[in-house]
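What follows draws every value from the coordinates through simple rules; no lab data is involved. Computed from a predicted model, the values in this text were never measured in an experiment. Methodologically, a virtual Cβ is constructed for each residue, glycine included, from the backbone with ideal geometry; neighbour enumeration extends over all protein chains shown.
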Amino acid sequence: MRYELMLPHQIRRAIDENWPCVLPLGVLEYHGEHLGVGMDTLVVVRALELLEEEMDLVILPAFPYGAGSYVVEPPERNGTVHVDSSELLPFARGLFRSLLRIGFRNIHFFIHHQSENFEAGMPTDLAFKLGARQAIFGFLEEERGEGWWGDDSMADYYAAHAQGENPFNWIRGHPFMDEEIVGQYPFDHAGQGETSLLMALCPEAVDRQRVSLGKWYCRSAKDASVELGEKGRDLVLDHMRRILAGQ
Ligand SMILES: [Zn+2]
């Protein structure tokens, strides 16, 4: 369900049944002349909407104002929005803290932008990862008081981890495409891979007539196809399904 449409009794049910509560995280970035600037966020939103047809899910309103960076093109008349990671951090911390207070304990975010470096991290996902950690530390301390970890009642802390009760798993971030998918599907910026994926998931944000062959990163977009995009979409849905179903 879309969070903003939920009634309080539905939110309470989602909390009681531990539904995944998912933030589509992204940027608004120049993706050549032929793709909508919301590409990286749109694919996450559309994939979640498809998954929601088959599983119980809370989909938070997307956050597309990440650190797009100007490495591809400067912003003037091109459209890239860049908010520095130091400005994203307090927002992320506040958002996650609030979601914990509401009662969610199965919170996730998915990001596509610059996610080929997800393990080491890039500015947007690092800000949200750190914000998540800080939110959990703050929440635990507020709820349990300082010294909560050292208290005798916590003697089973590591044993509880084995049963999946690690509070630091309350909020988890994931790349939209993991390494396994990148091994089977072209990972690029506005090239064949992204153009195909958007053709499959959000065709209204694609104009193939405008592929700029003068830009190296766009050139392969001329070979994009809906069929390839559907292959990518299915790989991504499998990957997200596994994570959100806790498998
Ligand atoms: Zn992209």
Item to check | Mean separation of Cα contacts under 8 Å, 6 or more apart, over the residue count of the chain: relative contact order % | outcome: 22 percent
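Given contacts defined as C-alpha pairs under 8 Å and at least six residues apart, what's the relative contact order of the range 1-87, whole-number percent?
Once divided by the residue count of the range 1-87, the mean separation gives 36 percent.
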Checklist entry - Taking every pair of alpha-carbon atoms in the range 1-122, what share in percent sits in each 10 Å bin, from 0 to the bin with the longest distance? => result 12, 39, 32, 14, 2
Next on the checklist: With the crude spin-label approximation of a point 7 Å out along Cα→Cβ, what separation in nm comes out for N166 versus D152?
Outcome noted: 2.8 nm
Checklist entry - For the range 1-65, what is Rg from Cα atoms divided by 2.2 N^0.38 Å, rounded to two decimals? => result 1.29
Item to check | the chain - Rg and Dmax from Cα coordinates, angstrom | outcome: 19.2, 67
Next on the checklist: Please report the antiparallel percentage of DSSP beta bridges with both residues in the range 1-118, rounded to the nearest 5.
Outcome noted: 20 percent
Item to check | DSSP bridge orientation in the chain - percent antiparallel, rounded to nearest 5 | outcome: 20 percent
Checklist outcome for this item: Packing-ranked peptide list from 141-151, 110-120, highest mean Cβ count within 10 angstrom first, is 110-120, 141-151
Item to check | Equivalent ellipsoid semi-axes - Cα gyration tensor, the range 169-242, angstrom | outcome: 25, 13, 11
Item to check | Length-normalised contact order for the range 80-218 - Cα pairs under 8 Å, 6+ apart - percent | outcome: 29 percent
